[in-house]
Structures are given as C-alpha cells and as structure tokens.
Amino acid sequence: MKLGTCLYNNQTFVCIAQTEGVLLPALDPAFDQAAWRDMISLIESGTDLSAMLANATDAMRVKFADITLLAPIPRTRKNVMCLGLNYLEHAEETANQIGRTGKAPQYPIVFTKCPTSVIGQDAVVPFDPDTCSQLDWEAELGVVLGKGGKKIAAANALDHVFGYTIINDLSARDIQLSHKQYFLGKSLDGGCPMGPWIVTADDIADPQNLAIACRVNGVTKQASNTRNMIFNVASIIEWLSRGMTLEAGDVIATGTPSGVGFVREPPEFLLPGDVVECEVESVGVLRNSISAAG
C-alpha cells in the first residue's frame with residue numbers, strides 16, 4: 001500500500017494512492033479522524049490498513065489533480081538519522097577525492113538532518129548562493145519505523161519497519177567539508193526531500209534488492225542496488241538501537257551509492273532550474289527542482 005500526506009481544500013490528510021486518484025479516509029466520519037490526519041498518529045494507532053481499504057467508500061475518493069502531495073511525514077518529530085559512506089563504491093570515490101584509500105567502515109557512520117529540512121514531492125529546493133554554492137544530490141532508500149524499541153536484534157529488526165520511502169540527502173558540500181561534522185551541510189532548508197509515498201513493508205519483499213538511481217535533468221548520475229549497502233537495513237536498526245530508544249515514526253536514510261557530484265571530474269553541482277529525480281524500485285520517483293536565484 002502507498003501512503004502519503006497531502007493538502008486537500010487547504011487541510012492536511014493522510015492519503016492512500018490508487019490508480020485513478022487517492023483515498024482520504026478522514027473524509028468519511030466513520031473512520032478515525034485523528035489517525036487519518038497525521039501520518040505518525042496513523043503509524044502509532046496500529047490501524048488495520050487492509051481492513052480500511054476493504055471498506056473504502058466513495059466519500060473518500062479524490063482526484064490526483066485536486067491534491068498537493070507533501071512529504072509523507074511533513075515534519076519529523078526528531079532529526080532524520082542518516083548513514084554515511086554505506087556503499088563501498090561511494091566510500092571509495094569519496095576517499096579518492098581527498099587522497100586516501102577507500103575502504104568499508106568498520107562501524108556505521110551516522111549523522112542527522114533537522115526536521116526543518118524536510119520537503120515533499122515537487123517542492124522547490126531553495127538555492128541561496130551566499131550560503132551554499134556546491135549543492136549535491138544523494139538518492140537514498142528511506143526507512144520509516146512502525147514500532148520502536150531498544151537493543152533490537154537484526155534478526156527481528158525488519159518487524160519494526162512500517163514502510164519505505166525515498167530521501168534525497170541533499171548536501172551543501174562547501175559547508176559540509178568546512179566543518180568537522182556533517183550537520184550544518186546536511187540541514188539546509190529544503191535539504192531533505194522525502195516521498196512521494198511510504199510503501200508499507202508488506203509490499204517490499206526484500207529491502208536489500210531494490211534498484212536505486214538519481215537523474216539530474218534526465219541524465220543518470222547514480223545507478224546501483226540496495227544489495228550493495230555495507231550495513232543493511234536490519235543491521236542499521238540494530239546498531240542505532242544499541243544505546244538509543246527508537247520510536248514509531250522515526251526515519252532513517254540508509255546511505256547513497258556512488259555517482260555524487262563533488263567527486264566528478266570536473267565537479268558537478270546543482271544549479272537553479274535543475275530537476276532532480278531519485279528513484280527506488282517498488283517505491284517510486286521523488287522529483288524536485290532547484291529554485292531560481294533571487
């Protein structure tokens with residue numbers, strides 16, 4: 001099932017993607033209004049999604065043209081947790097750029113992006129050359145937790161996943177490389193496009209066998225498969241939960257494959273007017289444009 005968050009008649013709703021449009025269960029008073037107005041509330045409610053779908057009514061049906069998609073979780077409760085250098089070829093290309101020998105990290109490299117960086121499908125990424133002139137793309141599989149916990153074993157970790165989304169871990173390289181940590185360069189306003197949907201975990205047979213790609217103005221820049229992750233989804237959840245309690249609605253970006261802009265010869269960065277598409281097999285295509293300067 002594909003779940004999203006949208007604006008309809010200037011109100012926010014959780015929606016379910018259909019072939020001809022979407023379902024907005026909150027339009028039918030017979031359904032839980034609080035849960036179907038907020039994605040995290042829906043996740044926490046434990047609502048039987050299949051049963052709701054089986055009882056869908058005409059009152060819920062809305063055309064795609066009548067809604068505006070937002071990020072599936074428009075404002076995360078906490079920072080989005082992110083994995084750095086989680087594909088070996090990306091670790092190698094990054095190391096080569098700074099004159100080192102690339103190798104797989106022994107432990108996950110974790111940083112975060114602040115909630116104010118999150119934007120949704122077709123939202124415009126602000127471009128401010130006075131702040132950042134080296135904006136880079138990073139297509140990533142996003143994981144949304146449905147059940148929290150601490151010291152979650154890898155063998156059980158996927159049971160804690162609500163669904164999967166796409167994240168473009170936009171990176172201000174000139175800021176990122178000027179500091180000893182990633183946070184400032186990863187948390188620009190609009191620096192965390194997410195969406196367009198959360199695909200529920202029951203629709204993804206194996207999160208470690210999904211093609212992943214990024215295109216800029218229609219030109220493929222990244223093309224890989226999630227099987228190439230150094231730390232897979234289950235082990236990421238295990239590592240993160242070792243000393244930190246994870247919660248329902250937490251979002252994890254699992255790292256990007258090779259092909260980012262700053263390691264290219266010559267380096268390539270996003271410019272006003274560019275259109276970036278991040279695609280993950282079985283999840284969808286996340287599309288955003290870069291704003292014109294001004």
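Every number here is computed from the coordinates shown, using simple stated rules; none is lab data. This one's a predicted model, so the numbers in the text were calculated from it and none came from an experiment. Positions of Cβ are backbone-derived with ideal geometry, glycine not excepted, and every protein chain shown enters the neighbour counts.
May I ask you to list the residues in region 204-220 that are of a type outside the set (A, V, I, L, M) and more than 18 Å from the chain's Cα centre (by Cα)?
Of region 204-220, the ones of a type outside the set (A, V, I, L, M) are 206-209, 214-215, 217-218, 220.
Residues satisfying the conditions are Asn217, Gly218, Thr220.
Residue-level check: of (1) in contact with a helix residue (DSSP H, G or I) (Cβ under 7 Å, 6 or more places away or on another chain); (2) of a type in the set (Phe, Trp, Tyr); (3) under 16 Å from Gly120 (Cβ atoms), Phe64 misses just (1). For Lys150, are the conditions met, namely being basic (Lys, Arg), more than 30 Å from Leu53 (Cβ to Cβ) and crowded, with 23+ Cβ neighbours inside 10 Å? No: the conditions fail for Lys150.
Being among the aliphatic types (A, V, I, L, M) and within 29 Å of Gln18 (Cβ to Cβ): is that true of Leu210 here? It is true that Leu210 is among the aliphatic types (A, V, I, L, M) and within 29 Å of Gln18 (Cβ to Cβ). Where strands (runs of 3 or more DSSP E) fall entirely within region 238-294, those with at least 3 residues that are among the β-branched types (Val, Ile, Thr) are at 275-280.
If you scan region 226-248, which residues turn out to be within 24 Å of Ser282 (Cα to Cα) and either among the hydroxyl-bearing types (Ser, Thr, Tyr) or in contact (Cβ under 8 Å) with a residue 24 or more places away in the chain (or both)? Spell out how you get there, then give the answer.
The first filter runs over region 226-248 and keeps only residues within 24 Å of Ser282 (Cα to Cα), leaving 226-237, 248.
Matches in region 226-248: Thr226, Asn228, Met229, Ile230, Phe231, Asn232, Val233, Ala234, Ser235, Ile236, Ile237, Ala248.
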